[in-house]
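Peer 1: Here it is, the structure in full.
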Amino acid sequence: MSIKVKSVSKFYKNQQALKAISFSADKGQIIGFLGPNGAGKSTMMKILTGFIKPNEGQVFVDEIDVLQNPLEAQKTIGYLPEHNPLYTDMYVREYLQFQASIFKVAKNQIELCIDKVGLNAEAHKKINQLSKGYQQRVGLAAAILHNPTVLILDEPTTGLDPNQLVEIRELIKELGKDKTVLFSTHIMQEVEAVCDRVIIIKKGTLLVYEKLTELKNNNQQTIKVTFNVKVKEQVLGKLANVVSFKNTDNNSWYINFETEKDMRPIVFDFAQENGIKILSLNTQNKNLETLFREVTK
Ligand code: ADP
């Protein structure tokens, strides 16, 4: 396991920010860390990186106990904090050289990282001359200088324009090929585009920790169907696995099923058996945004 969090709780004075959080991540996974503002995401990330201590629980990164041995653990962790604190008066290469000297990183790593995050053409510029997207690249380069196996990124795409967003997402995906990445975000589509797994927390409680594929196929299926005639509710109620239905206009319905089976052929057979014709039929996939709203409301 690259990351192991066991029953972590954190109090700020008497306010509980994390309530017995547990999860783990395998090598090479990209995990999206979702939750409304104030859910405890940054707190969890600061604990993972050894910057603050929990009141209870244990945290391991690459089998190293972060609480017992924070400095050793930090050698395997790359951290991009929220708001990416950079020395913006410095030149990009100069800043990375400075960071490398602090962490005693081999000099050849600097050019490697500049290349990895796509900063070659900007490396001679001052950081404050760069766009927000390129400044994030500098933060990411600094985070991977010591070649960590785990990357913790606190809202790395906040404040970026749509093009920068896509570029940084691609970069996170690329970095995730040989690192375990945990990154927090508010953007659901981002998680769908980049992540293997999703954690959703709310008010310090872990609500969801699942593979993205499983989360999307949670046996809930909605079919939108239009019949040629008005079908009575009693008739629709005879359908197998039906949970609920809603009439949208005269002959159209949203029908919710709970099953792993694809219900489309069953609805077709059902219509035929009842002498009804189907004019249109399609499944409405639940996206992560709907799920997020459902679990955090
Ligand atoms: P998120 O990153 O999900 O927005 P945070 O981890 O920043 O959430 O905050 C979780 C809760 O802990 C919030 O209620 C926040 O106000 C509180 N909190 C965070 N940091 C501190 C702090 N240093 N002192 C007191 N309360 C804090």
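The values are calculated or read from the model by the stated rules, or taken from the named source; none is laboratory data. Since we're looking at a predicted model, the values are computed, not measured. So basically every Cβ, Gly included, is an ideal-geometry build from the backbone, and we count neighbours across all protein chains shown. Remember, those area values only see protein heavy atoms, side chains included, never the ligands or the DNA or RNA. Shrake-Rupley method; radii C 1.70, N 1.55, O 1.52, S 1.80 Å.
Peer 1: Taking 0.36 nm per residue of sequence separation and subtracting the Cα-Cα distance, how much length would be gained by fully extending the chain between Lys75 and Lys230, in nm to one decimal?
Peer 2: Separation in residues times 0.36 nm, less the Cα-Cα distance, equals 49.2 nm.
Peer 1: Where does each of Ser9, Ser22 land when they are ordered by accessible area, with a 1.4 Å probe and the largest first?
Peer 2: The most accessible residue leads, giving Ser22, Ser9.
Peer 1: With both bridge residues required to lie in the chain, what share of the DSSP beta bridges run antiparallel, to the nearest 5%?
Peer 2: Bridges in the chain are about 70 percent antiparallel.
Peer 1: Straight-line reach from Lys10: which lysines fall under 30 Å, measuring Cα to Cα and dropping same-chain residues less than 8 apart?
Peer 2: Partners found: Lys19, Lys27, Lys41, Lys46, Lys53, Lys75, Lys179, Lys202, Lys203, Lys211, Lys297.
Peer 1: Still on this structure, please answer the following. What translational diffusion coefficient, in µm²/s and rounded to a whole number, does the Stokes-Einstein relation yield for the chain at 4 °C and a viscosity of 1.567 mPa s, taking the hydrodynamic radius as the Kirkwood radius over Cα pairs?
Peer 2: Working: Rh = 21.6 Å.
In µm²/s, the coefficient is 60.
Peer 1: Could you pull out every one of the lysines with an alpha carbon less than 16 Å from that of Lys246, ignoring same-chain neighbours closer than 8 positions?
Peer 2: Lys224, Lys230, Lys232, Lys238
Peer 1: Next up: Using packing as a proxy for protection, rank 62-68, 92-98 so that the peptide with the highest average count of other Cβ atoms within 10 Å comes first.
Peer 2: Values: 62-68: 16.3, 92-98: 18.7.
Order by mean packing, descending: 92-98, 62-68.
Peer 1: How much accessible surface area, in Å² rounded to 10, belongs to the heavy atoms of Tyr79 with a 1.4 Å probe?
Peer 2: 50
Peer 1: With every protein chain present, what is the per residue accessible area of the chain (1.4 Å probe, Å²)?
Peer 2: 51
Peer 1: Got a number for carbon plus sulfur as a percent of the chain's accessible area, 1.4 Å probe?
Peer 2: Whole-percent figure for carbon plus sulfur exposure: 48.
Peer 1: Provide the FRET efficiency to the nearest 0.05 for the Asn219-Ile102 pair, computing r from the beta carbons and using R0 = 45 Å. Walk me through the intermediate numbers first.
Peer 2: Values: r = 51 Å, r/R0 = 1.12.
FRET efficiency, Asn219 to Ile102: 0.35.
Peer 1: Suppose each label sits 7 Å from its Cα in the direction of the beta carbon; what would the Ala193-Tyr87 distance come out to in nanometres?
Peer 2: 3.3
Peer 1: If you add up the charges near Val267, with Lys and Arg at +1 and Asp and Glu at -1, over every other residue whose beta carbon is less than 14 angstrom from its beta carbon, what do you get?
Peer 2: With Lys, Arg at +1 and Asp, Glu at -1, the net is +2.
Peer 1: When DSSP assigns beta bridges and you keep just the ones with both residues in region 135-224, what percent turn out antiparallel, to the nearest 5?
Peer 2: Counting only bridges with both partners in region 135-224, antiparallel ones make up about 55 percent.
Peer 1: Near Lys125, which aspartates and glutamates are there with a Cα under 17 Å away, not counting those fewer than 8 places off in the same chain?
Peer 2: Partners found: Asp89, Glu94, Glu111, Asp115.
Peer 1: Additional query: Which residue, Met188, Met90, Met45, has the most motion in a Gaussian network model of the chain that connects Cα atoms within less than 10 Å?
Peer 2: For the chain, modelled as a Gaussian network with Cα springs under 10 Å, the answer is Met90.
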